[in-house]
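In what follows, a structure is listed as structure tokens, so that the remarks can point back to it.
Bear in mind that the values in this text are calculations on the coordinates, not laboratory data. On a predicted model such as this, the values are computed, not experimentally measured, just so you know. Cβ sites come from the backbone with ideal geometry, for glycine too, and all protein chains shown count toward neighbours.
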């Protein structure tokens, strides 16, 4: 198909390519050749077990012919349409999403990915409420475009300040293992812990002025910054706070949506319905670029007479929508959401056993097929195996060991994310954990 020898790929990429999130001289990419199921192969035939769903997105697994066929059929029928036009695939996509999203989410603005989905969600919230401020959490990541980066709480935004979108206020995540509020009271009950962080949020709202706040935007389960799962009562309390102050609740489900947590959307685990929901990644399982912003009838109705001044050339791209529809049907036919919920118990048990066998494991957390291993130098002090917003020799050797042994995994500072395709089997999960077990011997040597 492509006239290029395998040994030319890396030289040409280094000559003409430019990598994101990287110092260009330190990039050492895997020259990937093909993929199937939960595995992919490099140009030398080496097989990797994909424990990160490539970029936390290939939820149904690689090489799914039902999605590929749907995309090919759409290309032959209608490859592109002006965003102002109506198409059959767009009508069907909206109908299908309305059937699986939380209650009252009925209208959908289609974007290219997660960053612009979050940006458009903010525009909708500000235009609808007439308010300006947006509250998000410090350990959040909401995307790399200017507005989405401003929404992000973690250090990835620092380099681009102060030229980012204004009006964003950050607050603390309910992160029990490293709770700022409970360092001297670690045994507080779950209910009291949740209430303390809700009280913290209420105080921020008081200081900022509720009537200036358009929305509170959160990842229901904090993603790359640690798979932080909210305590019982927190999500319901957040919904009540939003209702009390007439603030919109926006759920960023870009990473957590489409079965990742054992439910169609993470908010479903707590029976909480947001006013606006954003999605991407698992929306098409990465087979085509697509994001979406779902909203209630009430929010959509506001724009019947008010112009929504935003748009994208690739809004509701027909081929991407065909991929989305096929992706959802595959998940339904193969019961992948139910599979993620069921296999989640096995993932949790494997994580517990790793923790029991390795003193460098400070804590494990998981929900569905979304897990994390938090590595520490000292369990008593909880000193991370790598500093904040940095790495360490132990973590670097750990990553190299996993890659050398055919395990593709995401390492973020001192944490190891477990985000496999939802089609993974228990035996394949165990295959990856065998490598992790051996790799953790490296971090165990960093114990002090």
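Descriptive notes on the structure:
- Extension gain (nm, one decimal) between residue 207 and residue 103, 0.36 nm per residue minus Cα-Cα: 34.3 nm
- Going from the fewest other Cβ atoms within 10 Å to the most, the residues 49, 78 appear in the order 78, 49.
- Cα-based Rg / Dmax (Å) for the range 156-312: 16.9, 54
- Neighbour counting of Cβ atoms within 10 Å sorts the residues 53, 366, 179, 310, fewest neighbours leading, into 310, 179, 366, 53.
- In the elastic network of the chain, a GNM with C-alpha springs shorter than 10 Å, the most mobile of 288, 280, 91 is 91.
- For the range 1-66 and the range 105-138, distance of Cα centres in Å: 32 Å
- Comparing 195, 236, 24 in a Gaussian network model of the chain where C-alpha atoms under 10 Å apart are linked, the largest mean-square fluctuation is found at 24.
- Tensor-based shape of the range 308-448 (alpha-carbon gyration tensor, a/c under 1.5 rounded, otherwise prolate or oblate): prolate
- Residue exposure sequence - 397, 272 - by fewest surrounding Cβ within 10 Å: 397, 272
- In this label model, residue 73 and residue 441 are separated by 5.1 nm, measuring between points 7 Å along each Cα→Cβ vector.
- Dividing the summed helix terms, -39500 (n - 2.57) for each DSSP H run of n ≥ 4, by the number of residues in the chain produces a 222 nm estimate of -11500 deg cm²/dmol to the nearest 500.
- Taken along its principal axes, the alpha carbon cloud of the range 1-147 reaches lengths of 55, 41, 29 Å, longest axis first.
- Share, in percent, of DSSP beta bridges within the range 65-333 that are antiparallel, nearest 5: 45 percent
- For the pair the range 377-448 and the range 192-223, the centres of their Cα atoms are 32 angstrom apart.
- Rounded, prolate or oblate (a/c below 1.5 giving rounded, otherwise prolate when a/b exceeds b/c) for the range 372-415 by Cα gyration tensor: prolate
- Shape call, the range 313-396: gyration tensor on alpha carbons, a/c limit 1.5: oblate
- Among 172, 92, 336, the residue with the largest mean-square fluctuation in a Gaussian network model of the chain, with springs joining Cα atoms closer than 10 Å, is 92.
- Each principal axis of the Cα cloud of the range 263-334 was evaluated for its coordinate range; sorted largest first, these ranges are 42, 35, 16 Å.
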